[in-house]
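Step one of this worksheet: look at the structure below.
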Amino acid sequence: MKRRSASPAPDPPSNWLIKAKQIWKLYVALLAFTVTFLCFVVAGFRFMTEGKLLGSVVGSGMILGVGTFLWLLQALRCPFCRTPLAWTMIRKQSHMSWLVDLVNLTECPVCNANLMKTAARDQRIVGNSS
């Protein structure tokens, strides 16, 4: 008779966005940026094939892209001090690495709180935020 081994414990969250339940904000932004890109592809394809530019599609893509970027700057916040971390990282890091550095943060650059800390305070604050 074979004995079943206990299933391994699930891995802890790999970054603070997952831990603080804010990863959905990054996914929404990536989806919106994909739609923005598709707006420009559709307008460009129409321009190349028919010589007409779809101004409404280009304008919609621009508004969606800029709006998404501005929303993302304010949406990803430290669960402890509520500082908008995306804006902080854009100001302090290279334009080539700010997003990677943001996702890989372990400590808030403003309040120095451990973003991976498993505290009741972490869940309570994040649960009340949008």
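Throughout, read-outs are computed from the coordinates displayed, never taken from laboratory work. Everything numeric in this text was worked out from a predicted model, so none of it was measured. Please note: Cβ atoms are built from the backbone with ideal geometry, for glycine as well, and neighbour counts cover all protein chains shown.
Couple of notes before you dig in:
- By average C-beta atoms within 10 angstrom, highest first, the peptides 78-87, 105-114: 78-87, 105-114
- Inter-label distance for ASP101 and MET62, nm, one decimal - labels placed 7 Å from Cα along Cα-to-Cβ: 3.0
- Cut-off 13 Å, label 7 Å out along Cα→Cβ of PHE33, residues of the stretch 47-85 by amide N: 65-73
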